[in-house]
Amino acid sequence: MTYTTEKTIAPTAPDAVFERRESEVRSYCRAFPVTFAKAEGSWMSDRDGNRYLDFLAGCGSLNYGHNDPDMRQALIDYIAGDGVAHGLDMHTDAKERFLKAFEERILKPRGLDYVMMFTGPTGANAVEAALKLARLATGRTTVVNFTNGFHGMTLGALATTCNGSKRAGAGVPLNDVATAAFDGYFGDDVDTTAMLDRLLSDPSSGLDHPAAVLVECIQGEGGLNAARADWLRNLERVCRKHDVLLIVDDIQAGCGRSGQYFAFEEAGIEPDMVTQAKSISGFGLPMALTLVKRELDVFKPAQHNGTFRGNNHAFVTGAVALDKFWADDAFAQSVRAKGDIVRRRLAGMAERFGRDGDLSLRGRGLMQGIVFPDGEEAGAVCAEAFARGLIIETSGGHDEVVKILCALTISEEDLAHGLDILEAAIEAVRGGAGLKAAAE
Ligand SMILES: *Cc1c(COP(=O)(O)O)cnc(C)c1O
């Protein structure tokens, strides 16, 4: 395949039915205004046959790429064999296979003894379940979240989500949450867990004894802030000291994205609960789960209910994903190696196009990005990239971070090509301005 970083994409406009019938709330389609028809691995094609390299990967739902051939075949076989498509939360072959694969590939090798709660199929539902369970198990109300955190759009999860525009959509007060400063909020020299420790130690601090803290190890939507391992260990220590549960939201950073299966592994901590969704099915099918320490598994049967708890098709593909990619450490190692490539290339771009160091890097593993002075510029870079055939999006409180979220299975050649396009896009946006600044 030949690669180009030129502006070559000239798609036909999408059918008017989208604008005529689809709600204003639609969003990603506005940034990528084409009609997609096919997808394979790291590539998507539109109806005209234009090909796009996918550095968004369903917002991290496609860690193993589009239509992995082994998952697809297993799913086709399951459907063709009249496998149960929907069975409420009854026992099925597919669920049994998934539970065993998760136990063998993920829990046992890490010495983790969680029970698995299959919630409704969205990440938000896994978060809701964790929040309810933490409150039920402790008899307390307040949950501590962190600046720039993102945990979903249903009201309980939204209360823990910091983005102002999303919060403004709630229509009711978002209560029972106290926000603490994430790692790095006051710069690298400040350990913000010390403030949390102090607040929790002082009976007159104004912070009610919380049920739990809820944290992302790498903030996906909030701008790719990656918590340092030390900070996570300190956070765990503060939680233990004050008898507060630790919930890690691993919905986006999990399933290998960080360079290990769970993003908290690097820090060696052991959360009381972990939420997973996005890439847990491996195939982009809706599925979510909440991992819970046995002693906290206090819901009565059906107390957190749902019609779509456990998607059998997702169990089929999810089990294949676990067997295929997580039988040993080789896959995680390849993710870390690609993460190093991304880091080197982004550092080169920040160096080449930065003006007085105004471009910086964020994130870790294959969840990294480049920070621009404002969202307008970051958005312009993404638009330039799309015109060159790269699907890439922004993240962060001001949409100021161009975020690389490619499939973890991407070839090094495709990865290099996508980074070439990104570099060309930054040059298109910054190059002229840079020359102008130099001339002044
Ligand atoms: C995407 C996401 C959610 C919400 O998942 P949905 O499936 O969109 O409800 C929650 N937490 C994190 C960290 C996420 O990235």
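Its alpha carbons give the chain an Rg and a Dmax of 21.9, 70 Å. 3J(HN,Hα) couplings calculated from phi for the range 267-282 with the Karplus curve 6.51 cos²θ - 1.76 cosθ + 1.60 (θ = phi - 60°) are, in sequence order, 7, x, 8, 10, x, 6, 9, 9, 9, 9, 7, 5, 8, 5, 6, x Hz; Gly and Pro show x.
Our coupling estimate for the range 212-227, obtained by passing each phi through the Karplus curve with A = 6.51, B = -1.76, C = 1.60 and θ = phi - 60°, is 7, 10, 10, 9, 9, 5, 10, 7, x, 7, x, x, 6, 5, 9, 5 Hz, Gly and Pro reported as x.
Distances between placed amide hydrogens fall under 5 Å for Gly87 paired with Asn312, all partners being 5 or more residues away or on another chain. Listed by chain and number, the lysines whose alpha-carbon sits under 22 Å from that of Lys38, ignoring those within fewer than 8 places in the same chain, are Lys7, Lys278. Distance between the pseudo-spin-label points of Arg26 and Phe299 (7 Å out from Cα toward the beta carbon): 3.3 nm. Counting only DSSP beta bridges whose two residues both lie in the chain, roughly 65 percent are antiparallel. Under 5 Å from the amide H of Ala212 lie the amide H atoms of Val144, Leu245, each residue being 5 or more positions distant or on a separate chain, with H modelled from the backbone and absent for Pro and chain starts. For the Cα trace of the range 296-379, dividing Rg by the Kirkwood Rh returns an Rg/Rh value of 1.22.
In the assembled protein chains, His209 presents an accessible area of approximately 90 Å² (probe radius 1.4 Å). Stokes-Einstein diffusion of the range 71-325 at 20 °C, 1.002 mPa s viscosity, Kirkwood radius from Cα pairs, rounded to a whole number: 115 µm²/s.
First measure r as the distance between the Cβ atoms of Arg237 and Ser201, then evaluate 1/(1 + (r/R0)^6) with R0 = 22 Å and state the FRET efficiency to the nearest 0.05.
On the way: r = 13 Å, r/R0 = 0.58.
That gives a FRET efficiency of 0.95.
Show that you can apply the helix-only estimate: for the chain, add -39,500 (n - 2.57) for every DSSP H stretch of four or more residues, divide by all residues, and state [θ] at 222 nm to the nearest 500. Numbers along the way, then the final one.
Values: 14 runs with 162 residues, N = 440.
So the calculated ellipticity at 222 nm is -11500 deg cm²/dmol.
Leu361 exposes around 50 Å² of accessible area when a 1.4 Å probe is run over every protein chain in place. The stretch between Ala416 and His91 holds 112.6 nm of extra length on full extension. This uses 0.36 nm per residue minus the Cα-Cα distance. In the structure shown, do any of Lys108/Lys293; Lys166/Lys300; Lys241/Lys300; Lys95/Lys132; Lys108/Lys403 have a Cα-Cα gap over 21 Å, and if so which? Beyond 21 Å between Cα atoms: Lys166/Lys300; Lys241/Lys300; Lys95/Lys132; Lys108/Lys403. Near Glu351: Cβ cut-off under 14 Å, other residues only, Lys/Arg at +1 and Asp/Glu at -1. The net charge is +2. In this structure the amide hydrogen of Gly396, modeled in the peptide plane, comes within under 5 Å of the amide hydrogens of Gly222, Gly223, none closer than 5 places in sequence on its chain.
A simple charge model with +1 on the Cβ of Lys and Arg, -1 on the Cβ of Asp and Glu and nothing else charged puts the dipole of the chain at about 580 debye relative to its Cα centre. Each residue of the range 253-259 was assigned a 3J(HN,Hα) from its phi angle through the Karplus curve 6.51 cos²θ - 1.76 cosθ + 1.60 (θ = phi - 60°); the sequence is 7, x, 6, x, 4, 7, x Hz, with glycine and proline shown as x. Please report the relative contact order for the range 71-325, taking Cα pairs under 8 Å with a sequence separation of at least 6, and give it as a percent rounded to a whole number. Answer for the range 71-325 is 30 percent.
The values are calculated or read from the model by the stated rules, or taken from the named source; none is laboratory data. As the structure is a prediction and not an experimental result, all values here were calculated from the model. A quick note on method: Cβ atoms are made from the backbone with ideal geometry, for glycine too, and the neighbour counts reach across all protein chains shown. The area values use the complete protein model at the heavy-atom level, side chains included, leaving out ligands, DNA and RNA. Shrake-Rupley method; radii C 1.70, N 1.55, O 1.52, S 1.80 Å.
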